[in-house]
1. Suppose all protein chains stay in the model; what accessible area per residue would a 1.4 Å probe give for the stretch 176-306, in Å²?
2. Report the one residue of Ala177, Leu76, Gln227 whose Cα lies farthest in the direction of the positive end of the charge dipole of the chain (charges on C-beta: Lys and Arg +1, Asp and Glu -1; origin at the Cα centre).
3. Hey, what number do you get for the chain at 222 nm if only DSSP H runs of n ≥ 4 count, each worth -39500 (n - 2.57), divided across all residues, to the nearest 500?
4. Give me the number: length gained by fully extending Asp123 to Lys91, i.e. 0.36 nm times residue separation minus the C-alpha to C-alpha distance, one decimal in nm.
5. What percent of all Cα-Cα pairs in the chain falls into each 20 Å bin, going from 0 up to the bin containing the maximum distance?
6. Using a probe radius of 1.4 Å on heavy atoms only, what accessible surface per residue do you get for the stretch 1-152? Whole Å² is fine.
7. How big is the charge dipole of the stretch 3-62 about its Cα centre, in debye rounded to the nearest 20, if each Lys and Arg gets +1 on its Cβ and each Asp and Glu gets -1 on its Cβ?
8. Taking only C-alpha pairs under 8 Å that are 6+ residues apart, what is the relative contact order of the chain in percent?
Amino acid sequence: MKIAILPGDGIGPEIIEQAVKVLNTLGEKFEMETAPVGGAGYAAHGHPLPEGTLKLARQADAILFGSVGDWKYDTLERALRPEQAILGLRKNLNLFANLRPAILYPELAGASTLKPEIVSGLDILIIRELTGDIYFGQPRGMREAPDGPFKGAREGFDTMRYAEPEIRRIAHVAFQAAQKRGKRLTSVDKANVLETFQFWKDIVTDVHNEYPDVALDHMYVDNAAMQLVRAPKKFDVIVTGNMFGDILSDAAAMLTGSIGMLPSASLDANNKGLYEPSHGSAPDIAGKGIANPLATILSAAMMLRYSLNRAEQANRVETAVKKVLAQGLRTADIYEAGTTRVGTNEMGDAVVKALD
Ligand code: IPM
Ligand code: MG
């Protein structure tokens, strides 16, 4: 099994180091190869997704990704910005299914900005379509408005579109995920306004015929945003498009109080995947040794489960993370009075130790 290690920018390298440490203590020899990506890719090879990095990602069975982005690169033209690396990997490798669990560990109930009774025991899974929608739809660009009340003025435009097979394949992923959990699926759309999402709703409804054991409901995205903060535990699995999923998954992540705890998986049709923490590159704390490595370690656990077919090892890692939380160890982002504050390295070491 070959794993591509793409640390990226900001805190990426420090947190990836911890996850690699954990993988190396499982008693198996994984082949790992590291390559630069994002701002680091631009610095090394003049492009956020260098050819060699993309090649390695294609060859590997799975990709462990840190994070990309740094203020240093904000003035570059769009095509050279660090974010293009992750968008390019998703598109080139056909990683259309993005799984973003939002789980509230009982020990961290106090970290949420919501009342504990609203969020304690929260366990929801957002499935975001990742290679279509307005993110990638053509045409897009800037031009002189060809018509309308502002004809002749400068305008920016993007295209929202979804093809039937794109909706079908993500719907299948979502129904199958729901079958393995609470058997409830909420499809989030904006069918009251957008043609694209009326179509989405129709296709998801049709795919439902193949999954009679799953309860399906439909919710407009604005209402879904409201329900997520009002009564988040009513959800089991949520499936939605790329744009809505981007927004709702950040909101869901914050319900748990620490985005530093949440892993994610982006899968293709054969369960090859890219695994990354849900948080960003946090350049303000990079290099200080205080970042929370648990989201990346939990992403490595998802990798063991989905791409490397090692569910038992995945469980071991997840149990070890729960153990260190129960021991009271906390990085700064989840620190509360009465717990023990540790740095990135110490947290990684504690998970390693908790593995046996
Ligand atoms: C995410 C991020 C990315 C996205 C950015 C970095 C391009 O916000 O993974 O949610 O918008 O998809
Ligand atoms: Mg996002």
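The values are calculated or read from the model by the stated rules, or taken from the named source; none is laboratory data. On a predicted model such as this, the values are computed, not experimentally measured, just so you know. Note that each Cβ is placed from the backbone with ideal geometry, even for glycine, and that neighbours are counted across all protein chains shown. Quick note on the areas: whole protein, heavy atoms, side chains included, nothing else; ligands and nucleic acids left out. Shrake-Rupley method; radii C 1.70, N 1.55, O 1.52, S 1.80 Å.
1. Working: 5000 Å² over 131 residues.
Accessible surface, normalised per residue, equals 38 Å².
2. Value computed over the given set: Ala177.
3. Numbers: 12 runs with 136 residues, N = 356.
When only DSSP H runs of four or more count, the value is -11500 deg cm²/dmol.
4. Working: separation 32, 0.36 × 32 = 11.52 nm, distance 2.86 nm.
Answer, rounded to one decimal: 8.7 nm.
5. Values per bin, smallest distances first: 29, 59, 12, 0.
6. Working: 6920 Å² over 152 residues.
For the stretch 1-152, the solvent-accessible area averages 46 Å² per residue.
7. Numbers: 4 positive and 8 negative charges, 16 e Å.
Using Cβ point charges on Lys, Arg, Asp and Glu, the stretch 3-62 gives about 80 debye.
8. Values: 768 pairs, mean separation 76.3, N = 356.
Reported relative contact order: 21 percent.
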